[in-house]
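Encoded as structure tokens, the structure appears first; notes follow it.
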Amino acid sequence: MPSDNTKVLRIACNASPPEEEPKINIFKASINLDCLFGHLFRDLYDQDLPETNYLGNHYLLFLTKDGHFRFNGSGVGAHKEAKISESKTFGKAFCRWYLQEYCNVTYFHHIDHILDRTIEIDGICYRLERKRNRRGDIPDYLCSFSKSYDAQTIFLGEAKGSQTKAAMSTNPEKYFLSKKFMEWNEQFKRMHLVDKENNELRIKGYLVATFLGNENHLNCETTVLAEDPFTPGNTPISPAASLALRRTTIAGHYASLFHKLGLPQLSQALRRSITPYRLPASYYQGELSVLETWTTDIISVAEHEFVGVFFYPPAIPRHYIRLSDLEQLQEGLQAPELMFLGLHRKIFDQVLRIVEVGPEAADEVMDLSEVTGSDPNITPEAHSTIFRDGSILAPLEHFRHLGNLSR
């Protein structure tokens, strides 16, 4: 039986290429809601939220009280446009959750930050481009594993979410052959990776589509469908191109996190680190001088050091604030409404070297299991989410302030 903080859903994976007869593996899985809402927060917003576990508190109101992941009534959203918007939001959260839990993915980089930009490694240039005269949606993410799992592989990720009646089939095998699913697969054919001779290099992709169940259709479960199409190209992606894209993905992944940590200049410096136009240290040095470090009592990372900030209720007039600015609120620091977002200190230092040294420093960035020896997916305390990339989102009551960051 799932706990109060987990829900049950169904997963269907197609091991065959999209053009062949599906070979489907179907199984039940439990999803930790804090983990799901943590992925939603990481994907949806570029800054913190004004209330502890805001997304969890908000969306829990729309979920049924039983052990299945399903929404009340006819689903979340009062009308068609609202349902489409919410479906897309949850589609991305479920995609990131599935790829982390079942495909060992650590890093996600939004494709719009890298599309049509030149990536260079050892004097060789590559571009990830939309193909000419191919209009329509394209994949959402450039993704990569951590180096402990596979330091060479890079792939595209596409997320879909749906609440339509047509999607609520009790037989997920049929949906892999549906017109809609075929249309979603076409997104991988609308873009390609090219080298300086304009050769197409084929990239593997993951299409993850989530059909959200509701209590008006109790016989239809929330189902995550996964398939792995390829982009166009007769030549497999080369190790050099894969390495260049992996470095780009890691830098972009942490640039997004740094922005949430209230470090917009470091975030921008990370994004620029993969280009020949890197930013000088004077651009971001001031942000380093005000960073603070913390330790935690959360079991799987107990006593490890994190660099981070905490969020606080909207009654205080700033979006986030650091301890040194909150002397007047010392007594309230352990209040349950305060939330902490941080990155493991060792990984923070490794990521910072990408800015200081260049994109090759991304090759040395570790994941949390390499640093701590623990399973990064463990979430022992309520409302705590630990990610494989070394970041953590949890109530401030589990953290103790150590002091300013010294480097």
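Taking the conditions (1) modelled with pLDDT of 90 or more; (2) buried (at least 23 other Cβ atoms within 10 Å of the Cβ) in turn, Y126 satisfies each one other than (1). So which pairs qualify, if the first residue must be in segment 105-132 and farther than 21 Å from V208 by Cα and in the same structural domain as S391 (by TED's automatic domain parsing), the second must be assigned to a helix (DSSP H, G or I) and of a type in the set (F, W, Y), the Cβ gap must be under 9 Å, and the two must be at least 6 apart or on different chains? Pairs that qualify, where the first residue is farther than 21 Å from V208 by Cα and in the same structural domain as S391 (by TED's automatic domain parsing) and the partner is assigned to a helix (DSSP H, G or I) and of a type in the set (F, W, Y): there are none.
If you go through segment 239-252, how many residues are of a type outside the set (S, T, Y) and under 17 Å from E356 (Cα atoms)?
As a first pass, look at segment 239-252 and keep what is of a type outside the set (S, T, Y): 239-241, 243-247, 250-252.
Restricting the remaining residues to those that are under 17 Å from E356 (Cα atoms) gives 247, 250-252.
Residues that pass the stated criteria total 4.
Annotation note: of F340, F399, F348, F387, the sole residue that is farther than 22 Å from Y102 by Cα, touching a His at 6+ places or on another chain (Cβ under 9 Å), at pLDDT 85 or above and among the aromatic types (F, W, Y) is F340.
So if I check each of E331, E364, E327, which one is farther than 14 Å from L257 by Cβ and modelled with pLDDT of 55 or more? Spell out how you get there, then give the answer.
Details: E331 fails: modelled with pLDDT of 55 or more; E327 fails: modelled with pLDDT of 55 or more.
The unique qualifying residue is E364.
Criterion first (modelled with pLDDT under 85 and on the phi > 0 side of the Ramachandran plot) does N53 satisfy it? Judged against the criteria, N53 is a match.
Would you confirm, using the coordinates I've provided, whether L61 is more than 30 Å from N199 (Cα to Cα) and in the same structural domain as A159 (by TED's automatic domain parsing)? Taking the combined requirement at face value, the residue satisfies it.
Selection within segment 139-161: residues that are surrounded by fewer than 22 Cβ atoms within 10 Å (Cβ to Cβ) and touching a Leu at 6+ places or on another chain (Cβ under 9 Å). The member of this set that is modelled with the lowest pLDDT is A151.
The values are calculated or read from the model by the stated rules, or taken from the named source; none is laboratory data. Nothing here was measured: the structure is a model prediction, and the numbers come from that model. Every residue, glycine as well, gets a Cβ built from its backbone with ideal geometry; the counts of neighbours run over all protein chains shown.
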